[in-house]
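Below: the structure, in structure tokens.
Just so it is clear, none of the values below were taken in a lab; they were calculated from the coordinates. As the structure is a computational prediction, the values presented were derived from the model and not from experiment. Heads up, the Cβs are rebuilt from the backbone with ideal geometry, glycines too, and the neighbour counts pull from every protein chain shown.
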Amino acid sequence: MTEITVDNVFKSYAMTPVLERVSVTLPDHEFCTILGPSGAGKSTMLRILLSMETPTSGQVLIDGVPIDDEPQPDRGVVFQRYSVFPHMTALKNVMIGPELKAGNWFTRPLGAKRRQLRNRAASLLEEVGLGHAIDKFPSQLSGGMQQRLAIAQAMIMEPKVLLLDEPFGALDPATKRSMHGLILDLWERNKMTIVMVTHDIQEAFTLGTRILMIDKVRDDPHAPAAYGSTITHDLKLDPNRRPPLAVVTEDTMDASEDDPHSMRAIFARWTENAGDAVLEKGGAALKAHAD
Ligand SMILES: Nc1ncnc2c1ncn2[C@@H]1O[C@H](COP(=O)(O)OP(=O)(O)OP(=O)(O)O)[C@@H](O)[C@H]1O
Ligand SMILES: [Mg+2]
């Protein structure tokens, strides 16, 4: 059981608010995708979930218990790029997490324990499709292979929660599709909860059982930094939707999208397109509309 509760989180840097009134509960085994314009605070939200940042006010709880002040192995993370160690082979990159967790030189795994760890790392690399590359260094791997390695590196810690910040943002469409298959497979088999930031609306609607859009509801054109972002849209999608959702052709939303109205319009079209797969709609934009 892993339920994540974000309880009225505010985050400011100096006097500038980034996030305000962010509240959401993600039940066990949710695949939550987060969309929103550049600078909205998506990575900040993810870093708060990881304990790399602390909220200015409010709190995050896992299964009812406030999260630790320090990043813990129960929450794994994969960033867009460069999260693997360049001077270590693929195998060593995957083994390093448990080795560091074991502590110092004297407590690190040796002998049979080390062989066990090595085998586990090798089979994880096999699982993410890197069985042939265990002795390669990251510079010898393609972008997609490096992201597979980063995922294996996170998975060996058996995290209850996997946090992904645009992990496939730098990959070409075909590699991206194969990564989607991999991540859905790992999510199903390991029953973890995933929170994934993306700029790609198709990716968000393909993978997510829950889709959040983070954006400003209040805007002051004379003081653009006066307000923070909150959850403007919160969609629950049927995890068993079959067939998969159709793609809204030509309708993309990415980092270059700086007009919030068009971003919301695109989101609305995708929501409509999802039809009966949408189980529930929420979020501040909906409430503001109802007021
Ligand atoms: N450590 C920090 N100190 C000061 N300001 C910060 C810090 N981290 C983030 N910010 C500011 O907070 C805002 C949100 O940043 P964040 O990286 O969370 O956005 P984002 O939604 O992930 O954007 P992108 O889509 O471009 O990755 C930005 O205005 C950024 O400048
Ligand atoms: Mg970001």
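Observations on the model:
- Counting only alpha carbon atoms, the long axis of helix 260-274 and the longest principal axis of the chain meet at about 70°.
- For region 26-135: rounded, prolate or oblate by the Cα gyration tensor [a/c cutoff 1.5]: prolate
- Selected from Leu162, Leu50, Leu100 as most flexible by GNM, with the chain as the system and alpha-carbon contacts under 10 Å: Leu100
- Set Lys101/Lys176; Lys101/Lys160; Lys11/Lys191 screened for pairs whose C-alpha atoms are more than 25 Å apart: Lys101/Lys176; Lys11/Lys191
- Per-residue extension of 0.36 nm, minus the Cα-Cα distance of Glu99 and Thr56, leaves a gain of 12.1 nm for this segment.
- Quotient of Cα Rg and 2.2 N^0.38 Å for the chain, N being how many residues it contains: 1.04
- Seen through its C-alpha gyration tensor, with square-root eigenvalues sorted a ≥ b ≥ c, region 112-194 comes out oblate because a/c lies at 1.5 or above while a/b is not bigger than b/c.
- Of Gly143, Gly111, Gly208, the one that fluctuates the most in a GNM where the chain has Cα springs shorter than 10 Å: Gly111
- For the residues Asp215, Asp68, Asp200, a GNM of the chain with alpha-carbon springs under 10 Å puts the largest fluctuation on Asp68.
- Loop-located trypsin sites (Lys or Arg not before Pro) across region 65-162 with a Cβ neighbour count of 14 or fewer within 10 Å are lacking, with loop assigned by DSSP.
- The angle between the Cα long axis of helix 173-190 and the longest principal axis of the Cα atoms of the chain comes to about 80 degrees, rounded to the nearest 10.
- In the chain, the DSSP beta bridges split such that about 55 percent are antiparallel, to the nearest 5.
- Inter-centroid distance (Cα atoms) of region 205-250 relative to region 16-38, Å: 9
- Computed over the chain, the per-residue total of -39500 (n - 2.57) for DSSP H runs of n ≥ 4 gives a 222 nm mean residue ellipticity of -10500 deg cm²/dmol, rounded to 500.
- Unit charges on C-beta of K, R, D, E only; dipole of region 1-74, Debye: 460
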